[in-house]
Amino acid sequence: MTKAFMKGNEAVAEAVIRGGVDLFAGYPITPSSEMLEYASDHMCDIDAEFIQVESELAASTMLSAAGLIGRRAFTTTSGPGLALMTENLSNMILGRTTALFVVVQRAANNITPEQAEYNYATKGLGHNGQRGYAIAPSTLQEAVDLAYTALDKGQELECPVLLMMDGMLGQMEEPVEFPPYKSSKISTKLIPPTGCKGRAKEDSRSMPRPLSMNETLEDALERHRNDLYLDQLKWLDEEVMYEEYMMEDAEYVIVSYGSSARICRDTIKMLRAKGYPVGMFRPITICPFPEKQIAGFKDRGIKGVLTVEMAMPPMLHYDVRLHLDQNIPCRFYNRCGGNTVDENEAAEAMETLIKEVQ
């Protein structure tokens with residue numbers, strides 16, 4: 001292991017490089033630009049390609065093309081840039097190709113932290129309503145660990161991976177440990193070009209061909225979309241990741257993720273010091289969402305839930321409410337506009353909920 005004291009953006013870029021990437025294609029955007037700058041200096045360490053392109057659309061197009069030939073690519077952006085990548089993200093999901101998108105989220109008209117892209121990352125990437133794999137670290141070490149394996153996970157699941165950070169994690173500095181370098185791994189499931197002279201007309205995963213004279217093109221596409229949906233349903237059992245903090249005897253739960261969950265650890269300690277049996281449930285994968293675990297709060301005797309996030313309107317909150325037993329009160333405490341959540345205000349919100357239940 002290599003130890004270092006680094007800024008979050010730079011640490012994540014180093015982790016992806018060590019994870020065996022072939023290409024970085026990106027366009028600078030605050031608060032993620034240091035990742036591009038770091039990649040420009042260090043992609044050559046593994047004899048990989050770095051390209052600063054003219055726009056986020058161009059970056060996502062290059063990542064899509066790299067995925068089509070089985071290579072491993074990544075980029076970094078923030079909310080406005082992610083919006084420009086929508087079409088290529090949609091096509092990558094339908095075509096079952098992968099790339100890593102590191103999203104350092106920010107407030108709408110500001111460059112300070114927010115968790116404003118939650119709905120985008122979890123409710124459908126683009127115009128086809130499909131989903132990618134979205135993970136949300138709460139510390140720089142966790143960001144390094146997730147980034148290091150993200151390209152492998154993307155090839156395994158055959159979908160784009162979104163590493164959902166925010167400006168707080170991207171800009172802060174912490175000690176981290178890096179795993180060793182590993183080689184790139186070319187996907188064995190390539191999508192060959194079809195329809196050209198001298199090439200066999202093979203089935204394309206992004207635009208499947210009818211399997212018989214009785215199957216129309218529309219039927220073939222419907223079959224493809226249904227198969228994709230069923231494969232992603234398996235994620236709920238096989239790919240969900242989460243962390244529980246002081247949940248063994250908890251009667252009240254804070255549900256939070258990313259930087260907000262990091263801050264809420266202090267909230268839990270403050271409430272415990274006052275004698276309140278409060279714990280925290282932190283989704284690490286926000287897509288797939290830990291639906292079954294949230295639904296299981298009823299069987300664990302949970303009396304009330306408070307969601308905490310940096311977004312307005314609430315986003316995580318409504319996913320929790322959707323899967324939580326409706327007899328369990330669920331309230332939210334949020335900040336937005338670049339204001340991070342405050343541990344004292346979160347504690348006050350939880351105390352209000354506890355008094356309401358009692």
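The values are calculated or read from the model by the stated rules, or taken from the named source; none is laboratory data. Here the structure is a predicted model, which is why all the values come from computation and not from measurement. Backbone-built Cβ (ideal geometry, glycine too); neighbour counts: all protein chains shown. Please note that ligands, DNA and RNA were not included when accessible areas were found on the heavy atoms of the full protein model with its side chains. Shrake-Rupley method; radii C 1.70, N 1.55, O 1.52, S 1.80 Å.
Over the stretch 244-358, calculate the relative contact order: mean separation of alpha carbon pairs under 8 Å at least 6 apart, over the residue count, as a percent.
Working: 190 pairs, mean separation 34.4, N = 115.
Averaging sequence separation for qualifying contacts and normalising by length gives 30 percent for the stretch 244-358.
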Once you have a ≥ b ≥ c as the square roots of the Cα gyration tensor eigenvalues for the stretch 1-74, tell me rounded if a/c is under 1.5, and otherwise prolate or oblate according to whether a/b is larger than b/c. oblate
I need to check one value: relative contact order of the chain, counting alpha carbon pairs closer than 8 Å and at least 6 residues apart, in percent. 18
Kindly express, to the nearest 10 degrees and within the range 0 to 90, the angle between helix 343-357's C-alpha long axis and the longest C-alpha principal axis of the chain. 70
Can you tally the net charge around residue 183? Count Lys and Arg as +1, Asp and Glu as -1, for every other residue whose Cβ sits under 15 Å from the Cβ of residue 183. +1
Separation of the stretch 273-315 and the stretch 2-37 by C-alpha centroid, Å? 31
Between helix 8-18 and the chain, what is the angle of the helix's C-alpha long axis to the longest principal axis, kept within 0 to 90° and rounded to the nearest 10? 40
For the chain, with a Gaussian network of springs between Cα atoms less than 10 Å apart, report the residue from 298, 274, 234 with the top mean-square fluctuation. 274
Name the residue from 150, 136, 94 whose Cα lies farthest towards the positive end of the charge dipole of the stretch 85-175, charges +1 on Cβ of Lys and Arg and -1 on Cβ of Asp and Glu. 94
What is the distance, in nm, between label points placed 7 Å from the Cα along the Cα-to-Cβ direction at residue 355 and at residue 226? 5.5
Taking amide H positions as placed 1.01 Å from N in the peptide plane, with prolines and chain starts having none, which residues 5 or more places from residue 50, or on another chain, fall under 5 Å of its amide H? 24
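Considering all projection directions equally, how large on average is the shadow of the alpha-carbon convex hull of the stretch 318-358, in square nanometres? Show your work: numbers first, answer last.
Working: hull surface 14.1 nm².
About 3.5 nm², averaged over all directions.
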Which percent of the accessible heavy-atom area of the stretch 1-113 goes to carbon and sulfur, probe 1.4 angstrom? 52
Label points 7 Å out from Cα along the Cβ direction at residue 318 and residue 242: separation in nm? 2.0
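According to the Cα gyration tensor, what semi-axes, each the square root of 5 times an eigenvalue, does the equivalent ellipsoid of the stretch 226-358 have, listed from largest to smallest in whole Å? Let's see the in-between values first.
On the way: eigenvalues 124, 58, 34 Å².
Output for the stretch 226-358: semi-axes of 25, 17, 13 Å.
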Cα-based Rg (one decimal) and Dmax (whole number) for the stretch 220-275, in Å? 18.5, 60
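Can you give the % of DSSP beta bridges in the chain that are antiparallel, to the nearest 5?
Numbers: 13 of 46 bridges.
Percent antiparallel among DSSP bridges in the chain is about 30.
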Taking the Cα atoms only, what angle lies between the long axis of helix 33-42 and the longest principal axis of the chain, rounded to 10 degrees? 50
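Rolling a 1.4 angstrom probe over the protein heavy atoms, how many square angstrom per residue are accessible across the stretch 139-189? Provide the component values of the computation, followed by the final result.
Details: 2020 Å² over 51 residues.
With the other protein chains kept in place, the stretch 139-189 gives 40 Å² per residue.
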For the stretch 1-143, rounded, prolate or oblate, judged on the Cα gyration tensor with a ≥ b ≥ c (square roots of eigenvalues), a/c < 1.5 rounded, else prolate if a/b > b/c? oblate
Counting only protein heavy atoms with a 1.4 Å probe and every protein chain in place, the carbon and sulfur fraction of the accessible surface of the stretch 263-343 in whole percent equals 48
What accessible area per residue, rounded to a whole number of Å², is obtained for the stretch 246-299 using a probe radius of 1.4 Å? 34
Taking Cα Rg over 2.2 N^0.38 Å as the quantity of interest, determine which of (i) 1.20; (ii) 0.96; (iii) 1.03 was computed from the displayed structure. (iii)
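So if we plug the beta-carbon distance of residue 30 and residue 298 into 1/(1 + (r/R0)^6) with R0 = 51 Å, what FRET efficiency do we get, rounded to 0.05? Mind dumping the intermediate values first?
Numbers: r = 43 Å, r/R0 = 0.84.
FRET efficiency, residue 30 to residue 298: 0.75.
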When a/c is below 1.5 the answer is rounded, else prolate if a/b is larger than b/c, else oblate, so apply that to the stretch 46-85 with a ≥ b ≥ c taken from the square roots of the Cα gyration tensor eigenvalues. prolate
